[in-house]
Each structure stands twice: as C-alpha cells, then as structure tokens.
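Single-structure report; data block below.
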Amino acid sequence: MLTEANRSKYLLKYLLMVTFCLTSSLSLAQNKPKGKRPKAKAKSVGPAVGGNTATPVELIKAAKGFKVELLYSVPGKEQGSWVNLCTDDKGRLLVSDQFGGLYRITPPAAGQPVSAASIEKVPAEIRAVNGMVWSDGALYVGVNDYERKMPSGLYRISDSNGDDQLDKVETLREVSSKSDHGVHAVVPTPDGDGFFLITGNNTLPPELADTSQVAQIWGEDHLLPSMPDGRGHNRGVLAPGGIVYRVTENGSKFEAYASGFRNIFDAAVNKDGELFTYDADMEYDFNTPWDRPTRICHVVSGAEFGWRNGAGKRMPFYADNLPPTLDIGPGSPTGVTFGYGAKFPAKYQNALYALDWSWGKLYAVHLEEDGSTYKATKEEFVTGAPLPITDAIIHPEDGAMYFTIGGRRVQSGLYRVTYVGDESTEPAIAAKTQNALRDLRHQLEKYHGNPDPAGVEFAWKYLDHEDRFVRFAARTVLEHQPLERWQTKALNETVPAKQVVALLALARAAGVCPQHRKGDTGEVNTALRDKMLAAITNVNPALLTEEQKQVMVRGIQIILNRFGKPDTGAVEQLCWRLEPLFPSQSAESNWLLCETLAYLQSPAVAGVAMELIAKAPTQEEQMQYARSIRMLKEGWTPELQTAYFEWFLKAANYRGGASFAKFIQFIRDDAVASLSDQQKEQMAELLARKPVVKSALENLGEVFVGRQPTEWTLDDLSKAAKTGLVERDFANGKKMFAASGCYACHRFGNQGGMTGPDLTSAGRRYSPHDLLDQVVHPSKVINEQFSAVKVLTLDGVVHTGVVVNLNGDSMTLNTDLTDPNKRVGIDRKEIDLLEVSEVSAMPSGLLNPMTKDEVLDLVAYLLSGGDESHRYFSD
C-alpha cells in the first residue's frame, strides 16, 4: 500500500488515466425478436481490452489487517457495468450488468486474479437485474429495467434440462417501475417461506394482500401545504414511497411489510431475524431543515420511515414514523450485507456492511441491542477514490468478502477482501439473544394485518410503553382493526399518554388524506373530528413528557389535515391549549407547535417565531420557522413583518442543494401572497429590495464585526486546550461553529452541509491538539474524499473542485464546497491536464476572529459530539 505522502501523486496519475480510459459502456442487451430461440451455451468472453481499468488497490484503504485484491476490471463495452452479485449452490459468483445480462465466475485462488476462462455469459434471456439470491435450486431476481426493454418485477431463473446452464426465465410478478428508484434486492425472509422485495419510491404498488403489515391508510399529512421539489424531481409522487414487500416464493402474494423509503437498494437480516436497510433522501435538499442524512433503518413490521416528495419529509421525531438506527451522512446507498460466515475477526463477522456509491465507502456498522430495537456505531471498513461500490457478499466457502464497483455505465470491477492480520478468525457469530422487549414487539406484530378482536385489548396496554418501537407496534395493531371495536375507547381513555397515541391512530384510521381521496366524494365526518379535538384538547399537557406532547400536537395536525379546520370556537380552544406551550425548550416541539399555531392563525405565533428566527444559529432552524409562518395573516406588527422580509435578504446568502434557492423563493412567494394590498403598498420598498449576495465566508457571523483578528498559532491553542476544556460553554461553542461558517460545509449532529467531512464523531477521531492542527493547518493533511483537483480542458478552461459524481464519460466537480449547488460537468474526453490540488478547499485563519475562550468552547463542543447532537435543533 502507498504511504500518505505518495497517495496524492498516485491519485493524480490514476485520475489522469481514467480521464481517457474510463469507458462509456454500452448495454449488452438489445431488443430481441419474439419467439423461442435455441438454447445458448455459456461462453468465455475474454479479458478486459483497451484501457478498461478499475480503481487500483493502491488507491483503496481497508481496516487494519485487511487486504483488498482487484480480481477483474470489467470491459465495459462487452460486459457493461456491474451492480449486483450473489453465489449459486456451487460457490460460483453470479454478477449482473445494470443494463445488460448476467455472468458467472469461478472465484480464483488466493492471490490470483479472475481468469478469462472463468467468466461465462449466462444464457438466460434476462437483463437489468438489480437484486438476486439463490434459493431452492434457482436464481430469484429483481429486474428494474427503466429502459423498458423488459418488464420490471420478480423473476425466477433456473436450469431447464440439468446441463448446469441457467436458461429458463419465469415471470413471477410484474411490478411497474419508472426509474432507477425501482425494483431492487430479493432477500429471503427469516422463516424461509418467501422473500423481502426491496423497492424504491418510483415503484407503483401492485395489488396487495389484506394481510399486509402496513395498514393502507397512508397519506401526506402536511398541515400546511407542502412545497414540491424546486427542480421538479418526483413532483406528484405521493405516499407510500418505497416499500419493502413480503412476497411468497411463487410471487402470488404481495404484502406491504414496511414503507416510507426513498431509494433503498438492498437489505439484510441479522441473527435475531431482524431486517435492516440503508436509505437516503434527495441531495437537492442539502442544508434544508427537512434534509435527513443517509441512514441505517431497522425495518420492522408495519414500519413507516417518512419519505415524502419535496419539503414533505417526516422528521424522526414525528410520532407517525420511526427513527433511524444510525445516521451515516452524505452518500448514495447501495448494497447491504452482514458479515456472517466471513473469516474475519469477531466484531467484523457480526457487523452490518453498508455501501456508499457516491463517496466510495464501505462501512462496517456495529449494532447493539437497545430495548426492542438497536443502536449502532460505524467505521470506514473500505474506502477508495473513486470507488462507486455497488454490492458486497460474504462467500460461504472461502469466507472472503467480494464486492463490485460500477453502475451508471462507469468503469466496473470485481474485488476481494480477506483478513491477513493476527487476530483469530474462528467462527464467532453471536447467538440470538433473549430480549423480552423484542419478544413483546413480535407478539404485537402478529396482529398486523390480522384483525383478531383480541388485538385491541392486548395492544391497548402498550400504547404508552416507554419503548418507541413497542408503542409503534401497538398503535399499528389498532390501525388494522375495525373502528367500531376501539373508536369509543380512544375517545374516552383516561390515561393521557395512552389517549394521545390512540387519538393519533384514530385520526389516521378514520380519516383520508386530501391528496389521496381520488374519486371519493363522501363527506368528511366532522362529528368525529369535533369529538377527537375535544378529547385531545382536554388532555392536560402537564401530565405528559415532552415526547408525549409531540405525539399530542402531531395528532392534532393529522386530525386537522384529514378532517379539516373546525369552527371558530374549537380553533380558539386549540389555541388556548397550545399557545402556552410555545416556545418550548425542545426545538422538535417548536417545529410542530409553530406549524400548528400558524395554521390556526394564532395571533401569538408571529412574535415568538420571529424571536426564534433571530436566536437560531443555523440556517436550517431559521428556515423551518420562516416556512411555518409563511401563510400567517394574524398577529403581525409592522416591525415583525419588516424583520421577516429582511430575513429573506439574509437568507439569499445561505447555501444548499440544487433546490435550496427555489425553496427559499417558494417560502417568500407564499409570504408575499399572504399580505394584504395595503401591507404590500406599505412594504413596497422592502419587497423590491435586492439582496447583496456574499459567499459563506464573506458572510461570517456578526459577532466578529469590528474585531481585530488574532494570529493564533497551533502551539498557543494546543497549550490552552490541555487544561482549558473543562466546563466549557457548549451553547457558545455551537454559536462559534455557526458564526465561522462551519455549517456551510460540515455536518454536526443533524444540521449542516455535506461537502466536507462530518464532524459529529470528531471526538472519537481527534485529540484536542490534532483537531486544532486540522483547523490551523487545513492543507497539512487533506481527507482524500474531499481532495480538490485542477482540470485543464482542451479549450483552455481551468476548473478546480472536488469530484462528486461520475456517469459514463461525464465527471462532475463541486467547485465551491460552501455551496453544494456550484457544480460543473466535464466531458473526460475534453480534458487536457488533470492534477490533484495540494491546497485544501477549507480556508486558513478561521479561528483568528475568535477569542481564546471562544476557540476553547468550539473545541469542547466538537470533541464532545455535542450533548445535543441527536436533536434536530438545539437550544
């Protein structure tokens, strides 16, 4: 492996090579004439030709003691770009071309590459396989052909005559899919009775069985009108989003097992029989309040994970969906697998491996039981630049990990990871544990899709359970039951914590989201609405925890959304109940309260919201409050309205994903439309004023204005940090993080940009001295993932930026890390010269405007991870 000093030079040579050598792969499969064909024999397709070279192992890092081998560089023109792999019953690898067919490979001996003779074209007439598994002597595949050369769906491929050739293709169920957010992995269920079929949000649900674990009562449930994506992505695509289906082996029965995903590509089952997947939201949403990092999800029966189009994503604190097990950060999720069977040290045998295509990372996720669910930590197991990693498996015979890179017609390759260190690799799979809470959740889940009358009484006991996943399972039981069995019980419940959950379930089960009413012209049950609002208004918030108050407010939101606004008296009662709670010490509660009170046109909300905007240190928090009050017409004073519209001039300097500026515009347009003609006339000058746009670094916090900078040295600050990090002011540290523009590039907790390293776990990676060294000397060691390159094109134009995407012959650079939307696409065939920059995109001197105490507060805040790092907005 190369030393750190030589890696950038090697990267320069490699990037220059791929500029001219990465092929624009062509699909192997063409439109085929109808009718039967003679059975084709498997054939050797030969070695890579020309300059087809996958990422060299010198550019790949692995965890200590592990070795990575490049087994095969795929000739793109002949064999496409590989996205999926599995093994058959003889230990051979099966791999799929995203836009072509299947190949079969005999794994080589240790230290040997794949030989040309070991690669066979599978004769089956199949293409665009995005997921596959060998089961009961056949290959089950998920086809996602958005080039529409064959129907997407679930297929079985088998050997028709015993000659060891996969040639027979059976369609088990066609599933409509419109893009690459379609039909993906096929995963055996823990009981062995069928499969989980993993699909993205552009897959239309087929006919679902009545026994589906997800109650088909999904909706958008936005109290205020949601804003569609500013660039038109997935406009009009409604709930349920991506679904994990539970499918019988013959494809005859489809149950919706869990929903609310965006574009899950794979999933895996652990030793306890629990399912996990890896999902992401739209990168256009970067730096908006509704942007959620890529995340590991524990996929339980009936689960909802909250994807909705545009600005409509449900945050993890929403009571009607579930939180992730682990936030990963920026990325593009692909494969998922457990390390069971690997000849690795024990902790890696039990790890969940999650693959990130865009940033070239293979994470080892270490799970730990946490009540009826899990918590987790992550480590970078394998990383490379570029390494568009698509799938990984553990080979059942040699115990090695095999993974592929490819997709979107970029250069593809096959790799093997083995352990060559000193630790024991004896089998050490942790046994299934005894977990009473998990058993309880499973007991509740037996009633999902099963309206057994006994379910109501059993579930009712657990509506206020302290374990969130148990509570969710109990509420889901009710939503599968006929209303007449439990509606009155919900309205009359006397335990406040149970009643707010029961009323949330009743609002969902009895009401229909307006966007999902379709041809239903039936009248809304206003009598039931009034009963639910009366019941929930009578709940005393003083008897609820902060989380239970959020359940109450979210329940009110869904009642109002699905049943409509009540009369003036009921609105006044709701305001009477909610206004004393706003503002809350909880930013999550403020999110819900601000939305709800603004919808109710409470005259108290404008002043509180503007005060929160003024105090909020991050653009995400400010933007959320601004969004919530955009249609508010009551309670404004001229001073408050002036401050509100001046905020938009400030917000013009905020940066985010490709749709960020459009979202800000949408908010402002609605705010202007909410003004009366007289107000527009009075504010004409302010409304016509154009913002002075500055870069993120030019727009640093006002706290530094007028100060004389101090030329801090590493020695000065490191010495102070040795004894000065005790009892620091974390709130001020967070303020410094925002004021210095750090949020523009770096994520911390659940806020901030994604164009620089995520600093949430900085305390696990850096000592105080090392962290200060990184900031004072940003170019000393540059994270390879964020290394900038300089590109000279044939027409003499120079571009500098970080490579953020590859697609065929196109390379995309982010030319300003403080603005993820500043991108340029370059045709690799038009590049004359490319070199790696030795200067970090992070500027030096960021600490100089601060006092010593402010620097120490910032360092303490970062190294602690922030006690508030799992909260969306912190006080």
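The values are calculated or read from the model by the stated rules, or taken from the named source; none is laboratory data. Everything numeric here is computed off the predicted structure, so don't read it as measured data. A quick note on method: Cβ atoms are made from the backbone with ideal geometry, for glycine too, and the neighbour counts reach across all protein chains shown. Protein only, heavy atoms only, side chains kept; ligands, DNA and RNA dropped before computing areas. Shrake-Rupley method; radii C 1.70, N 1.55, O 1.52, S 1.80 Å.
Probing with 1.4 Å while keeping every protein chain in the model, the per residue accessible area of the chain equals 39 Å². Leaving out same-chain residues fewer than 8 places away, which lysines sit with a Cα under 20 Å from that of LYS722? Filter leaves LYS852.
Could you sort out which of LYS313/LYS549; LYS253/LYS347; LYS61/LYS343 sit more than 29 Å apart by Cα distance in this structure? Where the Cα-Cα span goes over 29 Å, the pairs concerned are LYS253/LYS347.
Annotation: amide H-H contacts under 5 Å for ASP832 (H modelled 1.01 Å from N, sequence separation of 5 or more, or interchain): LEU792, THR793, LEU794.
Cross-link partners for LYS829 among the aspartates and glutamates, with Cα-Cα distance under 17 Å and sequence neighbours closer than 8 places in the same chain left out: ASP795, ASP809. Give the residue list of GluC sites (Glu not before Pro) in the stretch 402-505 that are DSSP loop and have at most 13 other beta-carbon atoms within 10 angstrom. Counting only loop positions with at most 13 other Cβ atoms within 10 Å, the GluC sites (Glu not before Pro) in the stretch 402-505 are GLU423, GLU466.
In percent, rounded to a whole number, the relative contact order of the chain is 10, using alpha-carbon pairs under 8 Å and six or more apart. Which of the aspartates and glutamates could a cross-linker span from LYS822 if the Cα-Cα distance has to be under 17 Å and same-chain partners fewer than 8 positions apart are dropped? LYS822 reaches GLU283, ASP285, GLU698.
Annotation note: GluC sites (Glu not before Pro) in the stretch 152-250 located in DSSP loop regions with a Cβ neighbour count of at most 14 within 10 Å are GLU207.
Mean separation of Cα pairs under 8 Å and 6 or more residues apart, divided by the residue count, gives the stretch 68-112 a relative contact order of 29 percent. Specify which labelled value, from (i) 18; (ii) 14; (iii) 23, agrees with percent of Cα pairs over 51 Å apart derived from the coordinates of the model shown. Evaluating percent of Cα pairs over 51 Å apart on these atoms matches (i). The trypsin sites (Lys or Arg not before Pro) of the stretch 91-158 meeting both criteria, a DSSP state outside H, G, I, E and B (loop) and at most 12 other C-beta atoms within 10 angstrom of the site's C-beta, are ARG148. Measure out, as a whole number of angstrom, how far apart the alpha-carbon centroids of the stretch 404-457 and the stretch 709-777 sit. The two parts, judged by their Cα centres, are 36 Å apart. Annotation for the stretch 55-132 versus the stretch 327-342: alpha-carbon center distance of 18 Å. Over 27 Å apart at the Cα level, from the set LYS271/LYS489; LYS719/LYS780; LYS77/LYS178; LYS149/LYS361; LYS378/LYS498, are LYS271/LYS489; LYS149/LYS361; LYS378/LYS498. Taking a Cβ cut-off of under 11 Å around ARG764, the surrounding Lys, Arg, Asp and Glu residues balance to a net charge of +1, with basic ones at +1 and acidic ones at -1. Carbon-plus-sulfur accessible fraction, the stretch 645-761 (probe radius 1.4 Å, protein heavy atoms only): 51%.
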